[in-house]
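Since every read-out is calculated from the coordinates, none of them should be taken as a lab result. Just so we're clear, the structure is a prediction, and the values are computed from it rather than from any experiment. Positions of Cβ are backbone-derived with ideal geometry, glycine not excepted, and every protein chain shown enters the neighbour counts.
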Amino acid sequence: MKVLVVGNGGREYALAWKFVQSPKVNRVICIPGNGGTATLEKCQNLPMRVDDFDGIARFAGVQGISLVVVGPEDPLAEGIVDYLQAQNIPVFGPTQAGAQIESSKGWAKTLMEEADVPTAKGKVFTDSDQAKSYIKQQLAPIVVKADGLAAGKGVIVAKTVAEAQAGVDQLWEQGFSKLVVEECLQGEELSVFALCDGESFRLLLPAQDHKRVGEGDTGANTGGMGTYAPAPLGTPELLQRVEREVIAPTLAALQKRGIRYCGVLYAGLMVAADGTPKVLEFNCRFGDPETQVILPLLETPLEQLLLACVQGKLESFPALAWQEGCAVCVVAASEGYPGKYEKGKEITGVADVEEMGAMVFQAGTRKKGGQLVTDGGRVLGVTATGPNFESAIANTYKALNKINFEGMYFRQDIAHRVRQNT
Ligand code: AMP
Ligand code: GLY
């Protein structure tokens with residue numbers, strides 16, 4: 001079968017990397033892909049925009065694509081799935097209505113309140129003065145969020161009332177005319193992905209992300225600087241609670257609104273010290289970089305699993321098979337990220353890492369002549385596995401040391417929390 005992956009990040013590379021391992025998949029096409037997907041065996045790039053729905057649909061139709069998987073949130077929020085479904089193209093991802101769970105934090109908040117899903121107490125505002133007086137009433141710490149998609153830059157976790165109020169002004173000036181102001185939750189974060197077929201769902205292994213750019217979780221928020229799975233915080237008991245208290249009622253509330261949610265329902269959770277999970281946010285797609293540690297541990301063929309979701313047959317699908325052990329991914333970024341950075345720096349060492357049995361999930365890379373060069377903020381992620389976290393961490397950093405490009409930056413403390421806890 002032929003699989004089409006939409007997107008160009010590390011997540012999309014990881015999806016393509018997993019698909020090509022299946023003997024049932026004879027070709028993977030990435031739109032537009034990156035420098036890594038250009039050279040993966042059985043894989044090729046197609047230089048097309050991810051918002052060119054008509055071009056993508058025509059290509060998928062002519063080529064007889066058996067499965068389209070949409071990586072990023074933007075095309076989902078813009079309705080790529082509705083467009084492809086209307087032409088009978090099998091596509092994994094929620095429709096535009098379902099994608100609102102990520103594209104509108106206000107919509108998601110209302111849905112959660114209706115479904116009694118545990119989340120931070122919050123309010124939606126379309127008037128900045130009202131938002132500011134609510135902040136004054138509630139006091140700090142408090143969180144201000146832009147309603148729409150903001151590529152991780154629309155959340156201000158404010159320590160003081162003044163900071164929160166300045167955050168309101170800042171988001172307003174950026175053009176967000178709807179904001180959510182919510183209670184600041186304490187605890188540890190966990191990413192849980194539910195694969196959904198509209199009726200049933202299956203959880204993937206829980207992962208933990210490291211969103212801040214600096215060691216010890218300091219500095220600016222990023223797309224994610226590293227991750228590990230299975231996160232020990234996600235105990236079987238906690239995951240059962242998440243299924244019962246978060247995923248099942250959310251899918252039921254979506255169905256009540258007439259939405260058949262097929263795709264990943266990604267719950268970004270805050271787990272309190274007493275083990276209570278609350279939803280910080282929902283996303284409508286696979287997480288990046290979490291996918292780069294979850295897929296290396298998944299033994300079940302991914303294309304079969306996602307096709308079962310598309311066909312509404314998840315209920316009868318066999319139990320997911322996982323490799324024993326742990327996976328750790330460290331992201332190598334361009335100097336300056338998440339602010340301004342330069343591109344076009346020569347990357348060396350990828351083959352050396354692969355020879356060691358570790359994986360290089362390329363993200364912001366491109367081929368220039370025969371050379372691999374940097375082309376983004378998060379350039380690549382190196383993932384290694386091991387029987388325990390200690391060995392997976394050591395294997396990952398040993399492999400990462402083989403990679404080099406000018407201005408390469410990475411955090412030295414990925415998965416440090418597990419090290420501290422064990
Ligand atoms: P979001 O895009 O909503 O996941 O927010 C980005 C990050 O902001 C999260 O990963 C958390 O670290 C933080 N955050 C968001 N909402 C809250 C909250 N209610 N309380 C504490 N931290 C939050
Ligand atoms: N890892 C965070 C995200 O994918 O949004």
Task: Residue exposure sequence - W172, W17, W107 - by fewest surrounding Cβ within 10 Å - done: W172, W107, W17
Task: Tail fraction, Cα-Cα pairs, region 79-137, threshold 16 Å, whole percent - done: 59
TODO: Find how much the distance from E113 to A220 grows on full extension, using 0.36 nm per residue of separation minus their present alpha carbon separation; answer in nm with one decimal.
DONE: 35.5 nm
- [ ] Within 10 Å of each residue's Cβ, count the other Cβ atoms and sort L204, L307 from fewest upward.
- [x] L307, L204
- [ ] With a/c under 1.5 counting as rounded, go ahead and sort region 208-295 into rounded, prolate or oblate using the C-alpha gyration tensor (a ≥ b ≥ c being the square roots of the eigenvalues; past the cut-off, prolate if a/b is larger than b/c, else oblate).
- [x] prolate
Open item on the list: Under 8 Å for C-alpha pairs, at least 6 residues apart: give me the relative contact order for region 57-147, rounded to a whole percent.
Closed with: 22
Task: Distance in nm between pseudo-label sites at L139 and Q304 (7 Å out along the Cβ direction from Cα) - done: 5.7
Open item on the list: Just to be sure I understand the curve: with the Debye formula and one point per C-alpha of region 106-191, what is log10 I(q)/I(0) at q = 0.15 Å⁻¹?
Closed with: -0.51
Open item on the list: Suppose we keep just the alpha-carbon trace of region 24-63; what are its Rg and Dmax in angstrom?
Closed with: 10.5, 29
Open item on the list: Can you tell me which of G79, G71, G369 moves the most in a GNM of the chain? Springs connect C-alpha atoms under 10 Å apart.
Closed with: G369
- [ ] Pop out the Kirkwood hydrodynamic radius of region 4-124 from its pairwise C-alpha distances, inverse of mean 1/r, in Å to one decimal.
- [x] 15.5
Task: Pairs beyond 31 Å (Cα-Cα), from K136/K340; K2/K145; K18/K402; K159/K256 - done: K136/K340; K2/K145; K159/K256
Task: Over the chain: Kirkwood hydrodynamic radius from C-alpha pairwise inverse distances, Å - done: 21.8
Task: Inverse of mean 1/r across different Cα pairs in region 148-258, Kirkwood, Å - done: 16.7
- [ ] Just round it to a whole percent: the fraction of Cα-Cα distances in region 147-189 exceeding 17 Å.
- [x] 32
Open item on the list: Looking at the chain as a GNM with Cα springs under 10 Å, which of A207, A146, A57 has the largest mean-square fluctuation?
Closed with: A57
Task: Computed [θ] at 222 nm, deg cm²/dmol, the chain (DSSP H ≥ 4; -39,500 (n - 2.57); rounded to nearest 500) - done: -8500 deg cm²/dmol
Open item on the list: Sort I56, I403 by Cβ crowding within 10 Å, fewest neighbours at the top.
Closed with: I403, I56
Open item on the list: If I model a spin label as a point 7 Å beyond the Cα along the Cα-Cβ vector, how far apart are those points for M48 and K24 in nm?
Closed with: 2.4
TODO: Using all C-alpha to C-alpha distances in region 36-107, build P(r) with 5 Å bins and read off the rounded percent in each one.
DONE: 3, 16, 24, 24, 16, 10, 5, 2, 0
Task: Percent of alpha-carbon pairs separated by more than 20 Å within region 53-159 - done: 53
Task: Extension gain (nm, one decimal) between A252 and A272, 0.36 nm per residue minus Cα-Cα - done: 4.7 nm
TODO: Would you mind working out the magnitude of the charge dipole of region 1-137 relative to its Cα centre, with +1 at each Lys and Arg C-beta and -1 at each Asp and Glu C-beta, to the nearest 20 Debye?
DONE: 440
